[in-house]
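A short write-up of the structure that comes next.
The values are calculated or read from the model by the stated rules, or taken from the named source; none is laboratory data. Remember, predicted model here, so these are calculated numbers, not experimental data. Reconstructed Cβ throughout: ideal geometry from the backbone, glycine too, with neighbour counts over all protein chains shown. In case anyone asks, the SASA skips ligands and DNA or RNA and just uses the protein heavy atoms, side chains included. Shrake-Rupley method; radii C 1.70, N 1.55, O 1.52, S 1.80 Å.
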Amino acid sequence: MQVSQVMSTLERKYPYEPEYLQAVREVLESVEDVYNEHPEFEKNKIVERMVEPDRILSFRVTWVDDQGRIQTNSGFRVQFNSALGPYKGGLRFHRAVTPGMLKFLGFEQTFKNALTTLPMGGGKGGSDFDPKGKSDAEIMRFCQAFMLELWKIIGPDTDVPAGDVGVGAREIGYLTGMYKKLAHEYNTGVLTGKGLTWGGSILRPEATGFGALYFTRQVLATAGRDIKGHTIAISGFGNVAWGAAKKAVEMGARVVAISGPDGVCEIPGGIDKEMIDYMLVMRASNRDQVSMMADRFPDRARFTPGRKAWSVKCDIALPCAFQNELEEADARELIANGTFCCCEVSNMGCRPDAIKAFQEAGVIFAPGKAVNAGGVATSGLEMTQNASHISWTGAEVDAKLHQIMSSIHEQCVKYGTQADGKIDYVKGANIAGFMKVATAMLEQGVI
Ligand code: GLU
């Protein structure tokens, strides 16, 4: 396999899907050498098969807004790869959603899910519906209309959606309600991220952020450093940023910035419990403005419009918002300010040139598919609990999450340790995930 050849074919076929092309290139560049050591992969055209989703369902979602106007959005579900288990991955509701964006996310999800060690294939879905400024009733009607189409192709052993940007416990509730009505059965395992009283797993809301911090701590420990006492800049203020901030504070770090599409909120004394709780209020308000934090805590938080979290001096950067949110210029600013570690919590949060800048400057960098896998891993644990009609305690789920994040770290070290002894986490995560999916595809024949 030659990456340039595969990529030029894909670029010709999918010229308008830049994020998908970016995600595929990153994985293929990482695995090229290992792939070429296995002639059976080439013989079975594993790469050519793996880069194409199994199928994409595309549908119209029509709903009525609070003014009685009829609104139409596009809905999608990308069932990417089922070599390791039923399709598994979140739903993203965001105005910028396109099939190409969901293909990138589904592709990433396939390898991320492989890293968790749990039996889950990769999928992703969503809509260009923009939750910003929508009322609760509008969100409910949209979710119901979305499920009118989606329900036909999902199920606990087929495809198990969950949350992502713009989709949290509230949306999963409305989606589940409609699924139940359409399918005429109470199938708890059909969606994950459910409410705690109706099949959800303890710790699922916190899991992405908590897992990311367990991973970050291990990355730092491997480099002979401690997370305690260090400053952290976090982008975003949604579910992932919230969990990350909570665990970072618990570990003794100081979170000095959070951000939003409107700018950055600097918190020189470090975020505290009251402020972390307020992040939930900010998110539920659907206003999508981080300035709310400075309005609420003017003595402790300072808002600057139009700036990113990366403009704030910090030891550790944790992108927790959106793909490509950290660009080369941001990486250079962080490096100049003394940042020594960047753990990507958002999916593909850093542009390739930003990652290159970090690596060249000796900044430890770990990719999203390893760092944020605790979220989907805990979804996998939710599926196990649902399938066996039990619920584990918080301590049990947390212990399993710890163990899974440690095993992901171990896989990164196994496949990513370079000749000079340094660990390339990008390579490590990509090769580990790829080998698992490729081997399963090989063993399952040409389908
Ligand atoms: N959306 C999350 C992710 O990117 C979680 C998916 C899930 O729990 O299925 O991994």
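Would the range 139-156 turn up any residue that is part of a strand (DSSP E or B), touching a strand residue (DSSP E or B) at 6+ places or on another chain (Cβ under 7 Å) and farther than 18 Å from ASN372 by Cα? No, every residue in the range 139-156 fails to be part of a strand (DSSP E or B), touching a strand residue (DSSP E or B) at 6+ places or on another chain (Cβ under 7 Å) and farther than 18 Å from ASN372 by Cα.
Just to be sure, is ILE154 without any contact (Cβ under 8 Å) to a residue 12 or more places away in the chain, open to solvent by 10 Å² or more (accessible area, probe 1.4 Å) and at negative phi? Talk me through it step by step, then tell me what you get.
Details: without any contact (Cβ under 8 Å) to a residue 12 or more places away in the chain: no; open to solvent by 10 Å² or more (accessible area, probe 1.4 Å): yes; at negative phi: yes.
Judged against the criteria, ILE154 is not a match.
Among the residues of the range 340-362, what is the count of those that are more than 22 Å from GLN109 (Cα to Cα), of a type outside the set (Asp, Glu) and open to solvent by 10 Å² or more (accessible area, probe 1.4 Å)? Counting residues in the range 340-362 that are more than 22 Å from GLN109 (Cα to Cα), of a type outside the set (Asp, Glu) and open to solvent by 10 Å² or more (accessible area, probe 1.4 Å) gives 5. Taking ARG170 as the residue in question, decide whether it is of a type in the set (Lys, Arg), modelled with pLDDT of 95 or more, at negative phi and touching a strand residue (DSSP E or B) at 6+ places or on another chain (Cβ under 9 Å). No, not satisfied. Within the range 106-128, residues that are without any contact (Cβ under 8 Å) to a residue 12 or more places away in the chain and under 14 Å from TYR20 (Cα atoms) reach no partner that is among the polar types (S, T, N, Q) and within 11 Å of the ligand (Cβ to nearest atom) with beta carbons closer than 6 Å at six or more positions or on different chains.
Hey, among ALA429, ALA395, ALA366, which residue is touching a Cys at 6+ places or on another chain (Cβ under 7 Å) and under 23 Å from PRO205 (Cβ atoms)? Explain how you work it out, then say what you get.
Working: ALA429 fails: under 23 Å from PRO205 (Cβ atoms); ALA395 fails: touching a Cys at 6+ places or on another chain (Cβ under 7 Å).
That would be ALA366, the only listed residue that is touching a Cys at 6+ places or on another chain (Cβ under 7 Å) and under 23 Å from PRO205 (Cβ atoms).
The lone criterion from (1) open to solvent by 20 Å² or more (accessible area, probe 1.4 Å); (2) at pLDDT 95 or above; (3) within 20 Å of ARG204 (Cα to Cα) left unmet by ASN187 is number (2). Just one of the listed residues (MET140, MET147) is more than 13 Å from the ligand (Cβ to nearest atom) and crowded, with 24+ Cβ neighbours inside 10 Å, and it is MET147.
Filtering the range 402-440 to residues that are more than 19 Å from ALA221 (Cα to Cα), in a helix (DSSP H, G or I) and without any contact (Cβ under 8 Å) to a residue 40 or more places away in the chain leaves only THR439.
Okay, residues lined up against (1) open to solvent by 40 Å² or more (accessible area, probe 1.4 Å); (2) within 16 Å of the ligand (Cβ to nearest atom); (3) under 19 Å from GLY163 (Cβ atoms):
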position	(1), (2), (3)
ASP33	yes, no, no
LYS45	yes, no, no
GLN67	yes, no, no
GLY75	no, no, yes
PRO86	no, yes, yes
GLY100	no, no, no
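Hey, can you tell me all the residues within the range 344-377 that are within 15 Å of the ligand (Cβ to nearest atom) and touching a Pro at 6+ places or on another chain (Cβ under 9 Å)? Scanning the range 344-377 gives GLU344, VAL345, SER346, MET348, GLY349, GLY368.
Scanning the range 110-124 for residues that are part of a loop (DSSP other than H, G, I, E, B) and either within 11 Å of the ligand (Cβ to nearest atom) or open to solvent by less than 10 Å² (accessible area, probe 1.4 Å) (or both) yields THR116, LEU118, MET120, GLY121.
For VAL51, are the conditions met, namely being in contact (Cβ under 8 Å) with a residue 60 or more places away in the chain and surrounded by 17 or more Cβ atoms within 10 Å (Cβ to Cβ)? It would help to see each step written out before you state the result.
Working: in contact (Cβ under 8 Å) with a residue 60 or more places away in the chain: no; surrounded by 17 or more Cβ atoms within 10 Å (Cβ to Cβ): yes.
No, not satisfied.
Residues in the range 207-228 that are free of Cβ contacts under 8 Å to residues at least 60 places away in the same chain and in contact with an Asp or Glu (Cβ under 9 Å, 6 or more places away or on another chain): LEU213, ARG217. Residues that are of a type outside the set (D, E, K, R), free of Cβ contacts under 8 Å to residues at least 40 places away in the same chain and closer than 21 Å to TYR425 by Cα within the range 22-48 comprise LEU28, ASN36, listed in sequence order.
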